[in-house]
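Heads up: the structure comes next, in structure tokens.
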Amino acid sequence: MAALEDSHWWFVARRRIIDTLITNLVLPDNAAIFEAGCGTGGNLAMLAGHGQVYAMELDEAARHFACDRGVGKILPGRLPDDIPFGDQSFDLIVLLDVLEHLDKDTASLQALYSILKPGGWLLVTVPANPWMWSQHDESHHHKRRYVLQGLRHVVRSAGYTVRYVSYFNTLLFPLIAGVRILQNGLGSGQKDNLTMPSKQVNQVLTFLFASERYLMGRVSLPLGVSLLLLAQNVK
């Protein structure tokens, strides 16, 4: 992941989509932003363009990669019961493909709700469509893939007011779904689909996926490889 995050089409395009969404939110100056589960830190520089960044990461090796980027304050932590930074509260909390790794998704969201400022935002992305489960999910230690109504329900159950939810990675959905179905049918699925394609293919895939940033937050797309949700702490 550390080797791919800065240039692989999936990470680059998702980052552009998230960047556009955050830009369109009404955040205060020098907003406090918390990334719960920052991995090797590929999103930190982008998030730092919107405020003061805090992050936590359980995996020690990934956390060292993230710290080496020199962006934000990064500490070890675990959801739902070991969130760092004491009494600090946040204007924006992001969980970018983290929730599917957690045994207790509702409890984890509730724990984050307690440190989200009134009016603050939660931004979540997760893999979609349980029928797309593959060796990729197994190798990345996923617990589940979500459907739209299921994600909306678990976020509402944790106390948030859902403002927007949509599938995304829609333009590439037919290609990716077809490959997953074929691989699962043949029993030949790769353990990890995150391999770097050629430069030209990487550029095309980045362009197609990232172009969805003009739709996110405006319309809810009916299908896609992933889901994106925005919610608020309304008190």
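The values are calculated or read from the model by the stated rules, or taken from the named source; none is laboratory data. Just so it is clear, the model here is predicted, and its values are computed rather than measured. No Cβ is skipped: glycine too gets one built from the backbone with ideal geometry, and neighbour counts run over all protein chains shown.
Summary table below
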read-out	value
Residue check for Gly86: under 14 Å from the mean Cα position of the chain (by Cα), on the phi > 0 side of the Ramachandran plot, assigned to a loop (DSSP other than H, G, I, E, B) and without any contact (Cβ under 8 Å) to a residue 40 or more places away in the chain	no
Check on Leu182, on the phi < 0 side of the Ramachandran plot and outside any strand (DSSP E or B)	yes
Where Met56 falls short, out of the listed (1) at pLDDT 95 or above; (2) in contact with a helix residue (DSSP H, G or I) (Cβ under 6 Å, 6 or more places away or on another chain); (3) buried (at least 18 other Cβ atoms within 10 Å of the Cβ)	(2)
Filter result for Asp91 (under 25 Å from Ala31 (Cα atoms), touching a residue at least 40 places away in the same chain (Cβ under 8 Å) and crowded, with 16+ Cβ neighbours inside 10 Å)	yes
Subset tally (residues that are out of contact with any Asp or Glu (no Cβ under 7 Å at 6 or more places or on another chain), under 20 Å from Met46 (Cβ atoms) and without any contact (Cβ under 8 Å) to a residue 60 or more places away in the chain) for segment 98-110	0
Checking Arg63 against (1) crowded, with 21+ Cβ neighbours inside 10 Å; (2) out of contact with any Pro (no Cβ under 9 Å at 6 or more places or on another chain); (3) of a type in the set (D, E, K, R), the condition it does not meet	(2)
Tabulated pairs, segment 17-36, first touching a residue at least 60 places away in the same chain (Cβ under 8 Å) and outside any strand (DSSP E or B), second surrounded by fewer than 21 Cβ atoms within 10 Å (Cβ to Cβ) and of a type in the set (Gly, Ala, Ser), C-beta under 6 angstrom, 6+ apart or interchain	Leu21/Gly217; Asn24/Gly217
Contacts under 8 angstrom Cβ, first residue in segment 48-70 being in a helix (DSSP H, G or I), partner modelled with pLDDT of 95 or more and exposed (fewer than 14 other Cβ atoms within 10 Å of the Cβ), 6 or more apart	Glu60/Pro76; Arg63/Pro76
Condition met for Leu122 (at pLDDT 95 or above, closer than 19 Å to Thr40 by Cα, part of a strand (DSSP E or B) and not charged (D, E, K, R))	no
Residue within segment 183-194 that is surrounded by fewer than 15 Cβ atoms within 10 Å (Cβ to Cβ) and either at pLDDT 95 or above or β-branched (Val, Ile, Thr) (or both) present	no
